[in-house]
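A single structure is presented below for examination.
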Amino acid sequence: MEPENTLSNLTPSREKLDRVLGLQKITLADIEDLNDAERNYIAEFSTEMLHRLTDEERDKFIDKIAEIMLPCTNEQIWEQNHLLIGRAIEKLIAQNGSMPPKFVIARECGLSRQTVAKHLTGYKTHPQYLAEMEQFKYMVPKILAKVCKLACNGDVKAARLYFETVGAINKRRPNTVINEQNNYLQINNTILSQENLKQLSKEQLNQIELIVSGIGRK
């Protein structure tokens with residue numbers, strides 16, 4: 001359970017380390033008299049235990065070292081939980097075709113039911129999740145540019161997605177009919193087919209977008 005190499009280097013401090021690790025809850029005051037090597041050992045031991053323990057035992061150990069954990073450790077624990085829970089849900093849905101209950105998710109990913117429930121309830125407001133969403137938002141312009149390129153090359157589905165994304169065909173004025181099919185777009189009596197779009201220049205496609213945007217604004 002204990003890293004032997006590190007412990008052998010700290011043999012004279014074994015009694016001190018055993019005293020700290022034997023506490024039910026470790027506080028900052030408990031590690032004040034530890035030197036750097038001893039603190040490093042506590043950190044390595046804690047990391048190993050976090051990877052080894054599961055369910056309620058893992059929760060108890062996290063509670064035990066909560067006061068001495070660095071902020072980055074808390075972030076790593078959250079990220080690991082998020083990854084494990086996500087993988088478990090994906091796997092169970094693929095196997096059973098339905099959203100699994102929390103206790104099944106917990107059993108699959110090795111976390112306690114309380115941890116799973118807490119994570120699912122509060123992940124949307126967690127700073128790590130918000131930062132992750134910002135990363136996805138950062139990619140929006142690049143992905144939209146690729147959709148636009150496909151549309152300019154005659155892909156009707158990409159054109160429809162592009163127009164919907166930029167808000168060009170979300171709103172329609174009365175007496176304007178936009179018929180959306182898998183292989184063409186029809187605006188009133190004008191049909192834009194796959195072949196039609198392939199023959200249009202980028203400037204012409206931009207003009208179509210402006211026209212449809214104008215419909216949505218009126």
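The values are calculated or read from the model by the stated rules, or taken from the named source; none is laboratory data. Predicted model only: the values in this text are computed from it and were never measured. Because the Cβ atoms are built from the backbone with ideal geometry, glycine has one as well, and the counts that use them run over all protein chains shown. The accessibility values were calculated without ligands, DNA or RNA, using every heavy atom of the protein model including side chains. Shrake-Rupley method; radii C 1.70, N 1.55, O 1.52, S 1.80 Å.
Inspect segment 57-71 for any residue being under 30 Å from SER13 (Cα atoms), among the basic types (Lys, Arg) and within 23 Å of the chain's Cα centre (by Cα) and give the result as yes or no.
yes
Is it fair to say LEU120 is in a helix (DSSP H, G or I) and open to solvent by 70 Å² or more (accessible area, probe 1.4 Å)?
no
Continuing with this model, one more query. Output the residues belonging to segment 27-70 that are under 29 Å from ARG107 (Cβ atoms) and assigned to a loop (DSSP other than H, G, I, E, B).
Passing the criteria: LEU53, THR54, MET69.
Only one of ALA94, ALA88, ALA106, ALA131 is in a helix (DSSP H, G or I) and either touching a residue at least 40 places away in the same chain (Cβ under 8 Å) or of a type in the set (Ser, Thr, Tyr) (or both). Can you tell me which?
Of the residues listed, the single one that is in a helix (DSSP H, G or I) and either touching a residue at least 40 places away in the same chain (Cβ under 8 Å) or of a type in the set (Ser, Thr, Tyr) (or both) is ALA106.
Given the criterion of a type in the set (A, V, I, L, M, F, W, C), touching a helix residue (DSSP H, G or I) at 6+ places or on another chain (Cβ under 6 Å) and modelled with pLDDT of 90 or more, identify the matching residue among ILE77, ILE93, ILE105.
ILE105
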